[in-house]
Amino acid sequence: MEKGNYQFIQIKKGDKESFESLFKTYYAPLCLFARNYIPNNDDCEEVVQAFFLNLWEKRKELTITSSVKNYLFSSVRNRCFNYLKHQRIKQTYQTAMLNSSEADNFDSIAFLEIDLMEK
């Protein structure tokens, strides 16, 4: 049995030392892996930290059918994709709000100019 799989069995039982060992073993490699998808180191670390937090919180419900290593890297890759998707949605929303704000400002300026010309 792979060491990671044994650790995960222990983690499911609530063994914090096994979780800490898994974290220490895979944190840096997972952050480096996340850099393949996300250019900012801080964002990569945030994604990986959130993944490990979720892993601990959901440990009792999780079932890993592949190796733990494959599960960790696949999960982080999927979280990177979700992070990027969320960033695109935020950017689209911000652009729409900026365009809307510019249009509102243009309308306000146009009404102000008309008002001033009438006086």
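Based on what the data block shows, is Ile109 modelled with pLDDT under 70, assigned to a helix (DSSP H, G or I) and of a type in the set (Val, Ile, Thr)?
yes
Restricting to region 3-53, name every residue that is charged (D, E, K, R), part of a loop (DSSP other than H, G, I, E, B) and open to solvent by less than 70 Å² (accessible area, probe 1.4 Å).
Asp15
For region 62-82, indicate whether the set of residues that are at pLDDT 95 or above, part of a helix (DSSP H, G or I) and of a type in the set (Lys, Arg) is non-empty.
Taking every residue of region 62-82 in turn, at least one turns out to be at pLDDT 95 or above, part of a helix (DSSP H, G or I) and of a type in the set (Lys, Arg).
In region 80-94, how many residues are open to solvent by 50 Å² or more (accessible area, probe 1.4 Å) and touching a residue at least 40 places away in the same chain (Cβ under 8 Å)?
Of the residues in that region, 1 qualify.
The values are calculated or read from the model by the stated rules, or taken from the named source; none is laboratory data. Keep in mind that this is a model prediction, so the values were computed, not measured. Reconstructed Cβ throughout: ideal geometry from the backbone, glycine too, with neighbour counts over all protein chains shown. All accessible areas refer to the heavy atoms of the entire protein, side chains included, with ligands and DNA or RNA removed. Shrake-Rupley method; radii C 1.70, N 1.55, O 1.52, S 1.80 Å.
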